[in-house]
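The values are calculated or read from the model by the stated rules, or taken from the named source; none is laboratory data. These numbers were taken from a predicted model, which means no experiment stands behind them. Heads up, the Cβs are rebuilt from the backbone with ideal geometry, glycines too, and the neighbour counts pull from every protein chain shown.
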Amino acid sequence: MRSIIVLLTLAILLLMNVSPIISAQSTNIIILIDENVEIEGPVTIEYTCNLIACIGLELKVINNGIYTNKSDSHRVSWSGSVNGSFSWRVYAEDGLGEGDITSKIIIDDNGTIEMSDLTDNIVFNAQNYGNYYYHASPCQMDSCNNLDNINEGMKFTGALDSNNDKDAIKLLGSEGDIILIKNIIFTHDINIELWSVLPESKTIITDFLNYIHEDYYLEYPEGELWLKLIPKNEIGYSPYQFELIYYDSNNESPDNMELNNPWNHGASLLFGNSYRGQIAASDIEGDSILINAGAKMEIIPICQFSNHVNIEIYFHENDNNILEYATNIKICPDKIYTSKDTQSIEFRIKSNLTIAWEIGIYSNKNGDGGDLGDAPDYIWENGKIDDNWVIINDDDTEYNGHLGINDDIDIYGLMVKHENGSHIYFNESIGDISIHIVILDQKTGIIVNYTNGTEIIAPKGIHAIRIEKNNGESGEVNYQFKSPEFVEYRPENIKLEDLSSMFTNFYIFVGIMFLTPMMIVLWWNRNDIKGKYEINSIEQHELKRLEKLRKRISNGVDQEVIISSLHQLGDSPWKSVIQECGNPLIRHMTEQIEVCIWKIEDSKSNILVGIKPFKNVWKMAAIRIFASEGPPIEINGVTPQMIFQEDEIFLDTLEIGKSVFIKISFIDEPKNIDFQISGVVNNVPLAATSSRAISFD
């Protein structure tokens, strides 16, 4: 009896000591994951410990009211078929977090599930796949850039029921289409095979084992394409999941055609977007994309390719000119610097593999006037203004721009909408610049007037704004200006009355009064007038000589002949030269000097310049022939030979009353010309310049 009492006492003491330990252990277990869903189809829930061991790791599953517990310090998993309510919890010792375990979840997410067991064998032209139909991906080029959770193809969830079960499924598509297989998940190790199937033969394309953890692109073969899943080892119920997408090779471009190389699909694509596509291994021409860009831009390309490619980059410029930038490169450059005439950039991509690509171009710098790149430094040809020029109107907008080291001028369009025209003026601008409003003839495009930003009346139509650095500024200039003020021009509507009949007698009296002295003078000089016939015959002889000289200058190829003719022109009477050579393109006369410029016949790039000082000697004289609008002028040669640099010719000393004639040839035909002559007169620097540019056309 005593021994029994001792044993009971020891048992009670033992229980008292153990209970706190059990209680402490139970309070150290926490719930890491708690999920509850309504689903149908095969399911796998698996968690693997990332540490040496995860104490207390346990998975509790409730499937349609049936409880299942799985516990292990390294990995816990459950697989089965679900139809209805399904929940699971993951427990672990306090101190462990979700980052300490890795999950593998196979569960249908509004995709396609294996409704009945798939065939074990591949059957050509099988008819029992209506439940597994899916469309070609709508995501070509940039069509899905702004869409979230887009369903491109089919997310398929199935299961191998046993060691002997095999699943074969026919993939949709046509020969030449691109197939993408990705996001493959399986419970137990399996082999995945791709087969090309024809009526009389079946050929395995690849064993998918090497690509099972990456996106796999392949070209749809002739006939049918099948995917087959085979157990690798002895397994029980084994769910799997993968995504299938196919891209229609005949619906790649913006005009719903196959994407061609080079680009022939119309207008360029928007700047700042990314574009994607695919190239089949059999497509030897490859793909191309044409993206809108601008002049003198620093562009950052973002390019991704699923495999090896060959890239070519071209600039599309004004007048449909295509300029090669880079060829035979394997990756996109870090930066691309566009030319001064760039309108768009073309990327041409080729590969001998089936690949996917994605390309976008961006810039960290804003363009002039909110547009892409640098504003043009010349006015458009008549009637040919396009997207290269930002058109400014009366919308009260602020515009920003930049003039670089070798960029002194920016040209913008100016829209006048008022029927009678508008008073236009600028209120303010920021930056070391001057703003000129340039009025254009709306029929010919010729400059008819301009102002330095002060008020001017402009007729209805499109005119120009010229922004240039202030004198002496050679560095970079950032500027800002606001849309000019537009005030409708209202002409005074005054009715005029013809009162000329009241002054008829006055007109007769004044006419007689003014004509009478002329008749007296004619009578006194009647003998001199008769002698003019002899003088006129001498002048006719001089004009014939000048005509021969002019033809020798225009047509002569012998340098000595041309130089001799120019010297003879200089010895001829100035007025006779002007009479024979016709109206000059430019004729500028001051008290000190007269300058005339003629375009030489049958020549697009030669001019004749005549210079005659009147009162004083011009020392260290020089003349500059330049274009205030459009491309710069480059001098090719001067006859007689003189020193010249870029667009300036050094004339040395010009004597009083002595005419100087020089022939100037240009490298390219200029669009318009101006001139500026300078020198030292009476020890004072003096210069004369043309009042406006003259078209050379």
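Residue count for region 594-625 under the criterion of being farther than 23 Å from Ile446 by Cα and either basic (Lys, Arg) or in the same structural domain as Asn318 (by TED's automatic domain parsing) (or both): the result is 3.
Listed here are the residues, each with its yes/no results for (1) surrounded by fewer than 14 Cβ atoms within 10 Å (Cβ to Cβ); (2) touching a residue at least 24 places away in the same chain (Cβ under 8 Å).
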{"position": "Phe86", "(1), (2)": "no, yes"}
{"position": "Glu98", "(1), (2)": "yes, yes"}
{"position": "Ile113", "(1), (2)": "no, yes"}
{"position": "Ala126", "(1), (2)": "no, yes"}
{"position": "Tyr133", "(1), (2)": "yes, yes"}
{"position": "Ala136", "(1), (2)": "no, yes"}
{"position": "Asn146", "(1), (2)": "yes, no"}
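If the condition is being under 22 Å from Glu381 (Cα atoms) and not in a strand (DSSP E or B), then region 310-332 contributes Asn318, Asp319, Asn320, Asn321. Set side by side, the residues Asp441, Asp407, Asp432 differ, and just one is of a type in the set (D, E, K, R) and within 24 Å of the chain's Cα centre (by Cα), which is Asp407. Could you please let me know if Val638 is in contact with a strand residue (DSSP E or B) (Cβ under 7 Å, 6 or more places away or on another chain), of a type in the set (Val, Ile, Thr), under 16 Å from Ala688 (Cβ atoms) and not in a loop (DSSP other than H, G, I, E, B)? Answer is no for this residue.
Evaluated against (1) more than 20 Å from Pro685 (Cα to Cα); (2) exposed (fewer than 14 other Cβ atoms within 10 Å of the Cβ); (3) without any contact (Cβ under 8 Å) to a residue 60 or more places away in the chain, Ile667 falls short on exactly one condition, (3).
Count, please, the residues in region 611-648 that happen to be among the basic types (Lys, Arg) and surrounded by 15 or more Cβ atoms within 10 Å (Cβ to Cβ). The number of residues fulfilling the criteria is 2.
Residue count for region 47-81 under the criterion of being under 17 Å from Ser103 (Cβ atoms) and aliphatic (A, V, I, L, M): the result is 5. Out of Glu428, Glu455, one residue alone is touching a residue at least 40 places away in the same chain (Cβ under 8 Å) and more than 14 Å from Asp377 (Cα to Cα). It is Glu428. Just one of the listed residues (Glu219, Glu252, Glu224) is touching a residue at least 60 places away in the same chain (Cβ under 8 Å), touching a strand residue (DSSP E or B) at 6+ places or on another chain (Cβ under 7 Å), not hydrophobic (A, V, I, L, M, F, W, C) and not assigned by TED's automatic domain parsing to the domain that holds Asp189, and it is Glu252.
Scanning region 559-567 turns up no residue that is hydrophobic (A, V, I, L, M, F, W, C) and at pLDDT 80 or above.
So which residues in region 341-386 are in contact with a strand residue (DSSP E or B) (Cβ under 9 Å, 6 or more places away or on another chain) and of a type in the set (D, E, K, R), if there are any at all? Once the filter is applied, which keeps residues that are in contact with a strand residue (DSSP E or B) (Cβ under 9 Å, 6 or more places away or on another chain) and of a type in the set (D, E, K, R), region 341-386 yields Asp341, Glu346, Arg348, Lys350, Glu358, Lys365, Asp368, Asp374, Asp377, Asp386.
Of the residues that sit in region 157-171 and are over 21 Å from Ile107 (Cβ atoms) and of a type outside the set (S, T, N, Q), which one is farthest from the chain's Cα centre (by Cα)? Among residues in region 157-171 that are over 21 Å from Ile107 (Cβ atoms) and of a type outside the set (S, T, N, Q), the one farthest from the chain's Cα centre (by Cα) is Lys166. The residue list Asn427, Asn420, Asn449, Asn400 contains one member that is in a strand (DSSP E or B), outside the structural domain of Ile302 (by TED's automatic domain parsing) and out of contact with any helix residue (DSSP H, G or I) (no Cβ under 8 Å at 6 or more places or on another chain), which is Asn449.
With the requirement that a residue be in a loop (DSSP other than H, G, I, E, B), crowded, with 19+ Cβ neighbours inside 10 Å and over 18 Å from the mean Cα position of the chain (by Cα), what does region 254-294 give you? Leu259, Asn261, Ala280, Asp283, Gly286 - these are the residues of region 254-294 that are in a loop (DSSP other than H, G, I, E, B), crowded, with 19+ Cβ neighbours inside 10 Å and over 18 Å from the mean Cα position of the chain (by Cα). Residue pairs whose Cβ atoms lie under 6 Å apart, separated by 6 or more positions or on different chains, with the first residue in region 54-66 and surrounded by fewer than 18 Cβ atoms within 10 Å (Cβ to Cβ) and the second part of a loop (DSSP other than H, G, I, E, B), do not occur. Please verify whether Ser162 is in contact (Cβ under 8 Å) with a residue 60 or more places away in the chain and in a loop (DSSP other than H, G, I, E, B), treating the condition exactly as stated. Considered against the rule, which asks whether it is in contact (Cβ under 8 Å) with a residue 60 or more places away in the chain and in a loop (DSSP other than H, G, I, E, B), Ser162 comes out as yes. Just a yes or no: is a residue in region 177-184 over 44 Å from the mean Cα position of the chain (by Cα) and either buried (at least 17 other Cβ atoms within 10 Å of the Cβ) or of a type outside the set (Ser, Thr, Tyr) (or both)? Scanning region 177-184 turns up no residue that is over 44 Å from the mean Cα position of the chain (by Cα) and either buried (at least 17 other Cβ atoms within 10 Å of the Cβ) or of a type outside the set (Ser, Thr, Tyr) (or both). Of the residues making up region 646-680, just one is under 33 Å from the mean Cα position of the chain (by Cα), assigned to a strand (DSSP E or B) and among the hydrophobic types (A, V, I, L, M, F, W, C), namely Ile673. Filtered by the rule that a residue be in contact (Cβ under 8 Å) with a residue 40 or more places away in the chain and among the acidic types (Asp, Glu), region 284-329 gives Glu285, Asp287, Glu298. Note on region 626-645: among residues that are more than 36 Å from the chain's Cα centre (by Cα) and either among the aliphatic types (A, V, I, L, M) or assigned by TED's automatic domain parsing to the domain that holds Asn406 (or both), the one that is farthest from Ala375 (Cα to Cα) is Met642.
Elements of the type strands (runs of 3 or more DSSP E) sitting completely within region 23-86 and holding at least 3 residues that are over 27 Å from Lys155 (Cβ atoms) and not assigned by TED's automatic domain parsing to the domain that holds Asp161: these cover 29-49, 66-71.
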